[in-house]
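First up is the structure itself, then whatever we jot down about it.
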Amino acid sequence: MSGATTPAARAESSPLRALVVDDEAPAREELAWLLSRDPRVGPIRTATSGAEALRALDAEPVDVIFCDIKMPGLDGLDLARVLARFSQRPQVVFVTAYDQHAIDAFDLRATDYVMKPVRPERLAEAVKRVVEAIGPAPVEADAGPEDETIAVELGGVTRFVQRSQVRFVEAHGDYARLHTASSSHLVRIPLTTLEERWAGAGFVRIHRSTLVALPHVDEIRIDGGRCAVRLGDRVLQVSRRHTKELRDRLVRAASLTRETR
């Protein structure tokens, strides 16, 4: 459809088009009312099920879907899986009373995960994330992969970390520990999965149990034939097996930088 407008293009001129999906009328109506008070949100439609939401999207696209998870028939997670196949996928914000689905939300690339009862300030934060996610990106020759949001648990509270904030990752069995500049978070994702998923974002294995984000590497050290990388105040050893791969990746990155100048 040549007349279709992408969400990024709309973000510069129009409020968000939203769809609220919840099988419980009080929750659906309250969420729609709270969203109507936010000047960043424009027309709001509602649906009582995942199937009804798909019919609504077929009639008119939206920028963001605020969706419950526990619903009869096609639940919120199933709906998000269907939306992932759309060429222009709307942002998805899960609004739920259950915190055990945060990992699934991460896997489905949800923009945010809001717990019920919904607090206005928390919903405003979710709207902010949506606006930032669909806002116009800088025009570059190679924009690289889209940033990713990771759901993490901290003291019984679900929080979200951007992949671009992660400096390195350590394996912990079937889990992985994500290290940012100020904290670390354990997530239920194997290191091999993150290695495959984040390779295009500059993550490279330097040890059988460690991935580093090349954009965060400040220094490469060679001492007595042993290699190490410095990320801020952390120095990580590179195994002999992975030294050549790291060096080759850095050489390729340097070559691309010279070619674009």
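The values are calculated or read from the model by the stated rules, or taken from the named source; none is laboratory data. Quick caveat: nothing in here was measured; it's all calculated off a predicted structure. All Cβ positions, even for glycine, are placed from backbone atoms using ideal geometry, and neighbour counts span all protein chains on display. The protein model used for the area step is the full one, side chains on, heavy atoms only, and it has no ligands, DNA or RNA in it. Shrake-Rupley method; radii C 1.70, N 1.55, O 1.52, S 1.80 Å.
Data for the structure
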item: Heavy-atom accessible area per residue - region 14-88, 1.4 Å, Å²; result: 50
item: Residue-by-residue Karplus 3J(HN,Hα) for region 229-238, coefficients 6.51, -1.76, 1.60, Hz, glycine and proline x; result: 10, 10, 10, x, 9, 9, 10, 10, 6, 9
item: Accessible surface of region 17-118 [probe 1.4 Å, protein heavy atoms]: carbon and sulfur percent; result: 50
item: Exposure of Met115 as accessible area (Å², to 10), given a probe of 1.4 Å and all protein chains; result: 70
item: Region 155-254: relative contact order as a whole-number percent, Cα under 8 Å and 6+ apart; result: 18
item: Fully extended contour minus Cα-Cα distance, from Val235 to Glu121, at 0.36 nm per residue; result: 37.1 nm
item: Förster radius 25 Å - calculated FRET efficiency between Arg37 and Ser14, Cβ distance, rounded to 0.05; result: 0.90
item: Most to least accessible of Arg55, Arg45 (protein chains only, probe 1.4 Å); result: Arg55, Arg45
item: In Hz, Karplus ³J(HN,Hα) per residue of region 113-121 (6.51, -1.76, 1.60; θ = phi - 60°; x = Gly, Pro); result: 9, 9, 8, 7, x, 7, 8, x, 5
item: Nitroxide proxy distance, nm - points 7 Å out along Cα→Cβ at Asp99 and Arg208; result: 3.6
item: 3J(HN,Hα) from dihedral phi, region 201-211, Karplus parametrisation 6.51/-1.76/1.60, rounded to Hz, x for glycine, proline; result: 9, x, 8, 9, 7, 10, 7, 4, 10, 9, 10
item: Leading residue at positive end of dipole, region 157-208 (Cβ point charges), from Gln165, Thr193, Leu178; result: Gln165
